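Everything on this sheet refers to the single structure shown next.
The values are calculated or read from the model by the stated rules, or taken from the named source; none is laboratory data. Remember, it's a predicted structure, so these values are computed and weren't measured experimentally. What goes into the accessible areas is simple: the full protein's heavy atoms, side chains included, and nothing from ligands, DNA or RNA. Shrake-Rupley method; radii C 1.70, N 1.55, O 1.52, S 1.80 Å.
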Amino acid sequence: MNIFSFRAHFGTEDDCRLHFKEQRDKEGVTCKKCGGSSHYWLQKKWSYECKSCHFRTSLRSGTIMESSKLPFLVWYKTMFLMSCTKKGFSTNELQKQLGMKRYEPVWAMVHKLRKAMGNRDAKYTLEGMVELDEGYFSVASKEIERGKGTRGRGAEGKQNVAVMAESTSYVDISHLVELHVTEKSDAKTTKETLKWVHIAISNAKRTLLGNYHKIKRKYLQLYLNEFIYKLNRRYFGDKLFDRLVIANITGA
Ligand SMILES: [Zn+2]
């Protein structure tokens, strides 16, 4: 989906709500009170009503938008922007694009989406031969995290991250697995056997470095969630946006 077809499909708040409802209906709604899955739709209240206990579930309830006051349109624009490029946007840039006055609500929305992306990916397990290594990512130093700015030296910390990838090479590495887990791999294994995991690590570093300034250690996982989510769905093309809407519904 490009910006023009997005505008054509999602020009108004109601366009977004109706689309969201369609997707939610496909995924199914579960009553929080009795666990029932049959509901009436109350159009005027934009809510579902449980057929057995009459408990009401708003369109947002149970999704990652549950406690958000932002319009559906803002969420949809954000999901579009986050899914339309491989690289992604900083929250500052998103705030600018959305024309929002305050930074905090945008920040909270983006991080909820990143969390949902991680939750979606957590539902899948890697199969077959799995490559494993670790990468060191630059993060803001502890001083900066505590709000005490430091410049130059000491402004940066390192966080190691374990990275796993399904191997697409046909080399039998089963006898080497112990070695990979316990020792640093030499240059040759790095180049050949751990090819995919290293491509992922270096691409992730480049993306994070290019887009964001001094990521805090405690948020690194969320930034990686977005990167990995998109990497795993790199052949989805236009469907990435639709998948992100479903992550919004089921990734809470
Ligand atoms: Zn019920």
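Observations, loosely collected:
- For region 20-30, the Karplus equation 6.51 cos²θ - 1.76 cosθ + 1.60, evaluated at θ = phi - 60°, returns couplings of 4, 5, 4, 5, 5, 4, 5, 7, x, 10, 10 Hz by residue, with Gly and Pro reported as x.
- With semi-axes defined as the square roots of five times the eigenvalues of the C-alpha gyration tensor, the equivalent ellipsoid of region 7-62 measures 24, 11, 8 Å, largest first.
- Taking 19 Å as the straight-line reach from the Cα of Lys32, the lysines in range (excluding those fewer than 8 positions away in the same chain) are Lys21, Lys45, Lys51.
- Backbone amide hydrogens, once placed in the peptide plane, bring Leu59 within less than 5 Å of Tyr48, excluding anything fewer than 5 places away on its chain.
- Amide H within-cut-off set for Gly157, under 5 Å, with H built and near neighbours excluded: Val139, Ala140, Ser141
- Share of carbon and sulfur in the accessible heavy-atom surface of region 7-62 [1.4 Å probe, %]: 47 percent
- In plain terms, the chain from Thr125 to Lys142 could stretch by 2.8 nm, reckoned as 0.36 nm per residue minus the Cα-Cα distance.
- With protein chains left intact and a 1.4 Å probe, residues in region 1-143 average 56 Å² of accessible area per residue.
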